[in-house]
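S.K.: Before anything else, here's the structure in question.
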Amino acid sequence: MILCVLGHKFHYEMENICRIFFPQEKIKVVYTGGTELDKKVVMTKLERKDNSVVISVRVDIGSEAKACTKIVEDVNGADASELERQMALALYTVLTRVTGYIPGWGIITGVRPAKLMATLIEEYGEPEAINYFREKLLVGKEKTELTFSVVKKEEEIIRKAKENCFSLYISIPFCPSRCSYCSFVSQSITGQKAKEQVSDYVVNLCREIESIGKVSVRLGLKPQTVYFGGGTPTTLDEKDLETLFKAVNRIFDLSEVDEYTVEAGRPDTITPGKLQLMKKYGVSRISINPQSFNDAVLETAHRKHTSGCTIDAFKLARSVGFSVINMDLIAGLPEETYESFLNSLDITIGLAPENITIHSLALKRSSSLTLKGNVSFNGEAVSAMIREAKIKLESSGYTPYYMYRQSLSPGNNENTGWCKAGYESLYNVFMMEECQTVLAAGAGAVTKLKQRAGKHIERIFNFKYPFEYNNRFEEMITRKSRIEEFYSEFG
């Protein structure tokens, strides 16, 4: 698909609107009026005339050609964000005419709808914010209600963020295999090079954790949540895991910690010894992620476990004493039908974990699933799975407490965290709504610095891959000097 951008700078938003309707299309952006007639063409144009702006959109897809022109008056009173919204509305209008598809999220393309609604509520109040979602952003009633519910739940959780505390994130970018849908920086531990990197990685990770610990002490900050993510942290053997747990316990004052999470996401990495280690060092919450209870789906997704393995791992974790467990499911995986997804959901609800996260499949460009390019996805079927999951979860006593979106999702759906009353994950909300500093260690980790008494956010990125992290470690540590500079400047 060719996207023509003429007379404006809103190419990023125009691309995202196109991807809502065509998640599997490759989009080429051009800045001239010339087009290749054998291609799908989307033309977006902005012209200034006196005190008004003329927005023109034309879409040519095969035999279909639709156009829309709108005039925005009093352009001097319209800022760039309003002009961008008007152009998004024009493009959305034409694409709905061409495709017959009306996305539930309207023209919203951002990751954090709840954050947007919270900002609108703060500025205009609840009724006006809801109306803005419906009328200005064309968000459907169901998605608007979900967003509002999440905002109200997040308000309660955000109030739990303690002054002079932060969230500690530790990245373990290794997995037993690479899932077909994955685009993260995690490496399969089966490769020899990855195995060779692990020991150096653990040593350097401990060094970075210690560096962060010293900085936090100087700034008078204590961790409120600790989160081991990845990748799959439990890919590491017991010796390396204990080394990291010991480092965290030795380096940080954990007296303010309310939640300590480890993503033990792959059931085939869970052993009695690892679970006992986690309990020994204060881990209070873990994830055991089936993704599906359909073994054919798991095989296609390159998961190295069966549905039976997941159930065994869950029961083992309960026997060791874990009273807070999250389980993930993905709607829309290849080979998954509507019926088999609901069967997976029924099995998950039957196990009664405290948290259930429903993900909508995202067609990440660097995943093997997308690179193969020979799999078709039914967005309507995925949307039906998400809708029925909401009904089943609500009737089983779960409520939505955090939610985010990803681009390139068939059906333009969202990922939602559901929980039983009182089992909301603090870290998930603190991180998603950027209400607390996150000090992050490890390959691919991103430190988010938040002004204590304000809203200013700044990020420090670690190197993505383990070999870069190991080879350029000192350079990366130097970057982290920005943490103290930030608090000196912004308080």
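S.K.: Sorted by accessible area with a 1.4 angstrom probe, largest first, how do R159, R318 fall? Provide the component values of the computation, followed by the final result.
M.R.: Numbers: R159 170, R318 75 Å².
In descending accessible area the options line up as R159, R318.
S.K.: Roughly how many debye, to the nearest 20, is the charge dipole of region 380-477 about its Cα centre, given +1 on each Lys and Arg Cβ, -1 on each Asp and Glu Cβ, and no other charges? Intermediate results must be reported in sequence, preceding the final value.
M.R.: Working: 12 positive and 11 negative charges, 36 e Å.
Here region 380-477 has a charge dipole of around 180 debye.
S.K.: Let me ask you something else. If each residue of separation counts as 0.36 nm, what is the full-extension length gain between Y465 and T69 once their alpha-carbon separation is subtracted?
M.R.: On the way: separation 396, 0.36 × 396 = 142.56 nm, distance 4.67 nm.
The Y465-T69 span can extend by a further 137.9 nm.
S.K.: Taking only C-alpha pairs under 8 Å that are 6+ residues apart, what is the relative contact order of the chain in percent? Can you show the working numbers first?
M.R.: On the way: 918 pairs, mean separation 72.4, N = 491.
Once divided by the residue count of the chain, the mean separation gives 15 percent.
S.K.: Can I ask one more? Place +1 on the Cβ of every Lys and Arg and -1 on the Cβ of every Asp and Glu in region 350-450, take the dipole about the Cα centre, and give the residue among P410, I391, A381 whose Cα lies farthest towards its positive end.
M.R.: Highest projection toward the positive end goes to P410.
S.K.: Quick one: of K246/K464; K195/K239; K162/K222; K239/K315; K279/K390, which pairs are farther than 21 Å apart, Cα to Cα?
M.R.: Working: K246/K464 25 Å; K195/K239 14 Å; K162/K222 9 Å; K239/K315 24 Å; K279/K390 32 Å.
Going by Cα-Cα distance, K246/K464; K239/K315; K279/K390 fall outside the 21 Å limit.
S.K.: Could I ask something else about it? Roll a 1.4 Å probe over the protein chains and send me the accessible area per residue for region 378-438 in Å². Display every interim value, and only then the final one.
M.R.: Values: 1900 Å² over 61 residues.
Per residue, region 378-438 has 31 Å² of solvent-accessible surface.
S.K.: Would you kindly derive the ³J(HN,Hα) couplings of region 197-202 from the backbone phi angles with the Karplus curve 6.51 cos²θ - 1.76 cosθ + 1.60 (θ = phi - 60°), listing them in order in whole Hz, with x for Gly and Pro?
M.R.: For region 197-202, the Karplus-derived couplings read 7, 4, 5, 5, 4, 5 Hz, x marking Gly and Pro.
S.K.: Would you mind listing how long the chain runs along its three principal axes, going by Cα atoms, in whole Å with the largest first?
M.R.: Dimensions of the chain along the principal axes of its Cα atoms: 68, 54, 46 Å.
S.K.: Let me ask another. Considering the dipole of the chain built from charges on the beta carbon (Lys and Arg +1, Asp and Glu -1) around the Cα centre, which of I55, I460, L236 is farthest to its positive end?
M.R.: Highest projection toward the positive end goes to L236.
S.K.: Ok, one more. How much length, in nm to one decimal, is gained on full extension between E394 and D50, taken as 0.36 nm per residue of separation minus their Cα-Cα distance? Before the final figure, lay out the partial values.
M.R.: On the way: separation 344, 0.36 × 344 = 123.84 nm, distance 5.37 nm.
Contour length minus Cα-Cα distance gives 118.5 nm.
S.K.: Roughly how tilted is helix 379-395, in degrees to the nearest 10 and between 0 and 90, from the longest Cα axis of the chain?
M.R.: The angle comes out at about 50 degrees.
S.K.: In sequence order, what are the phi-derived ³J(HN,Hα) couplings for region 12-27 according to the Karplus relation 6.51 cos²θ - 1.76 cosθ + 1.60 with θ = phi - 60°, rounded to whole Hz, with x for glycine and proline?
M.R.: Result, ordered by residue: 5, 5, 5, 4, 5, 5, 4, 6, 4, 8, 9, x, 9, 7, 7, 10 Hz.
S.K.: What angle do you read, to the nearest 10 degrees and between 0 and 90, between the alpha-carbon axis of helix 141-158 and the longest principal axis of the chain?
M.R.: Around 40 degrees separate the two axes.
S.K.: Can I ask one more? Amide H neighbours of Y402 under 5 Å, counting only residues 5+ apart in sequence or on other chains, H built in-plane at 1.01 Å?
M.R.: G417
S.K.: Still on this structure: In terms of Cα to Cα distance under 15 Å, which aspartates and glutamates are near enough to K28, apart from those fewer than 8 places away along the same chain?
M.R.: Qualifying aspartates and glutamates at Cα under 15 Å: E13, E15, E36, D38, D60.
S.K.: Let me ask you something else. Amide H of V29: which non-local residues (sequence gap of 5 or more, or other chain) have their own amide H closer than 5 Å, using H built in the peptide plane?
M.R.: L3
S.K.: Continuing with this model, one more query. Which one, F314, L439, C68, is farthest towards the positive end of the dipole of the chain when Lys and Arg carry +1 and Asp and Glu -1 on their Cβ?
M.R.: L439
S.K.: Just how much of D328 is accessible, in Å², when a 1.4 Å probe is used and the result is rounded to the nearest 10?
M.R.: Probe radius 1.4 Å; accessible area of D328 about 20 Å².
S.K.: So, in Å, what gap is there between the alpha-carbon centers of region 354-407 and region 96-137?
M.R.: With region 354-407 and region 96-137 each reduced to a Cα centre, they are spaced 20 Å.
S.K.: Still on this structure, please answer the following. By how many degrees, between 0 and 90 and to the nearest 10, does the Cα long axis of helix 238-251 differ from the longest principal axis of the chain?
M.R.: Tilt of helix 238-251: around 90 degrees.
S.K.: Please report the carbon-and-sulfur percent of the accessible area for the chain; probe 1.4 Å, protein heavy atoms only, DNA, RNA and ligands left out.
M.R.: Numbers: 10490 of 21020 Å².
After summing per-atom areas, the C and S share lands at 50 percent.
S.K.: In addition: How big is the antiparallel share of DSSP beta bridges in the chain, given as a percent to the nearest 5? Present the calculation step by step, with values, prior to reporting the outcome.
M.R.: Numbers: 34 of 72 bridges.
In the chain, approximately 45 percent of DSSP beta bridges are antiparallel ones.
S.K.: Which of the peptides 162-175, 80-93 is most tightly packed, and how do the rest follow, going by the mean number of other Cβ atoms within 10 Å of each residue? Let's see the in-between values first.
M.R.: Values: 162-175: 22.1, 80-93: 18.6.
The packing order, highest mean first, is 162-175, 80-93.
S.K.: Let me ask something additional. Quick one: Debye curve from the C-alpha atoms of region 363-422, no solvent, what's log10 I(q)/I(0) at q = 0.17, 0.22, 0.23 Å⁻¹?
M.R.: -0.68, -0.92, -0.96
S.K.: When the Karplus curve 6.51 cos²θ - 1.76 cosθ + 1.60 is applied with θ = phi - 60°, which whole-Hz ³J(HN,Hα) does each residue of region 272-279 get, with x for Gly and Pro?
M.R.: x, x, 5, 5, 5, 4, 4, 5
The values are calculated or read from the model by the stated rules, or taken from the named source; none is laboratory data. A quick note: this is a predicted structure, and the numbers were derived from the prediction, not measured. Here Cβ is always computed from backbone atoms with ideal geometry, including for glycine, and neighbour counts include all displayed protein chains. Heads up: the accessible areas ignore ligands, DNA and RNA and are worked out on the full protein's heavy atoms, side chains in. Shrake-Rupley method; radii C 1.70, N 1.55, O 1.52, S 1.80 Å.
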